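Take a look at the structure set out below.
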Amino acid sequence: MKQINSPSLRENSIKKISMSKILFRLNGVPEDEIEDVRELLTEHDIDFYETPPGNWGISMPAIWLKEEEQFDKAKALLDTYQSERSMRVKNEMNRLKQAGEHKTFIDMFKQNPVNFILHLMVSLLVIYLSVRLVSDLAQ
């Protein structure tokens with residue numbers, strides 16, 4: 001390996017090294033929003049890559065910037081997009097509520113009762129075991 005002895009050469013080579021920086025975590029993000037963010041970054045010539053959740057879901061799915069220098073620009077674009085999306089989703093929800101078309105708790109139960117009951121049973125089991133553990137430790 002060749003060593004760089006000149007301080008100016010060493011400084012220039014260090015300045016050219018750029019670390020990737022995380023922009024947007026993808027945990028729980030709807031696919032349409034992820035696609036919108038991809039398009040936004042591509043339209044503004046921001047270099048990025050994605051990391052998937054992995055086979056067991058233990059990796060961190062995210063959008064990373066290849067160039068840290070682009071972070072401020074990308075963050076500003078993302079903040080603007082998210083505030084616009086938030087307003088759009090709130091307006092859509094209000095429209096659905098006024099039209100009586102929004103999903104209610106009962107609608108979700110009717111849509112998949114077995115899944116609902118299964119989740120309810122697991123939740124009650126966790127609560128029971130937690131209370132039982134605390135009461136056993138108190139004695």
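Does any residue of the range 55-72 turn out to be more than 28 Å from His119 (Cβ to Cβ) and of a type in the set (Ser, Thr, Tyr)? No, there is no match, as no residue in the range 55-72 is more than 28 Å from His119 (Cβ to Cβ) and of a type in the set (Ser, Thr, Tyr). Among the residues of the range 1-55, those that are of a type in the set (Ser, Thr, Tyr) and modelled with pLDDT under 90 comprise Ser6, Ser8, Ser13, Ser18, Ser20.
Condition check ((1) assigned by TED's automatic domain parsing to the domain that holds Lys21; (2) in contact with a helix residue (DSSP H, G or I) (Cβ under 9 Å, 6 or more places away or on another chain); (3) under 30 Å from His44 (Cα atoms)) across all residues:
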site: Leu77; (1), (2), (3): yes, yes, yes
site: Ser83; (1), (2), (3): yes, no, yes
site: Ser86; (1), (2), (3): yes, no, yes
site: Lys90; (1), (2), (3): yes, no, yes
site: Arg95; (1), (2), (3): yes, no, no
site: Gln98; (1), (2), (3): yes, no, no
site: Asn112; (1), (2), (3): no, no, no
site: Ser123; (1), (2), (3): no, no, no
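The rows are residues; the columns are (1) touching a strand residue (DSSP E or B) at 6+ places or on another chain (Cβ under 7 Å); (2) without any contact (Cβ under 8 Å) to a residue 60 or more places away in the chain; (3) of a type in the set (A, V, I, L, M).
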{"site": "Ser20", "(1), (2), (3)": "yes, yes, no"}
{"site": "Leu23", "(1), (2), (3)": "yes, yes, yes"}
{"site": "Val29", "(1), (2), (3)": "no, yes, yes"}
{"site": "Asp32", "(1), (2), (3)": "no, yes, no"}
{"site": "Glu35", "(1), (2), (3)": "no, yes, no"}
{"site": "Arg38", "(1), (2), (3)": "no, yes, no"}
{"site": "Trp56", "(1), (2), (3)": "no, yes, no"}
{"site": "Lys66", "(1), (2), (3)": "yes, yes, no"}
{"site": "Ala76", "(1), (2), (3)": "no, yes, yes"}
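Can you name the residue in the range 69-95 that is among the small types (Gly, Ala, Ser) and closer than 18 Å to Ile22 by Cα and is also surrounded by the fewest Cβ atoms within 10 Å (Cβ to Cβ) among such residues? Out of the qualifying residues, it is Ala76. Restricting the search to helices (runs of 4 or more DSSP H) fully inside the range 39-139 and requiring at least 2 residues that are among the small types (Gly, Ala, Ser) and closer than 20 Å to Phe24 by Cα gives 71-99. Apart from one condition, Ser135 fits all of (1) of a type in the set (S, T, N, Q); (2) at pLDDT below 95; (3) closer than 28 Å to Met19 by Cα; the exception is (3).
The values are calculated or read from the model by the stated rules, or taken from the named source; none is laboratory data. Note that the coordinates shown come from a computational prediction; the quantities given were computed from them, not determined experimentally. Cβ coordinates were reconstructed from backbone atoms using ideal geometry, including for glycine residues, and neighbour counts include every protein chain displayed.
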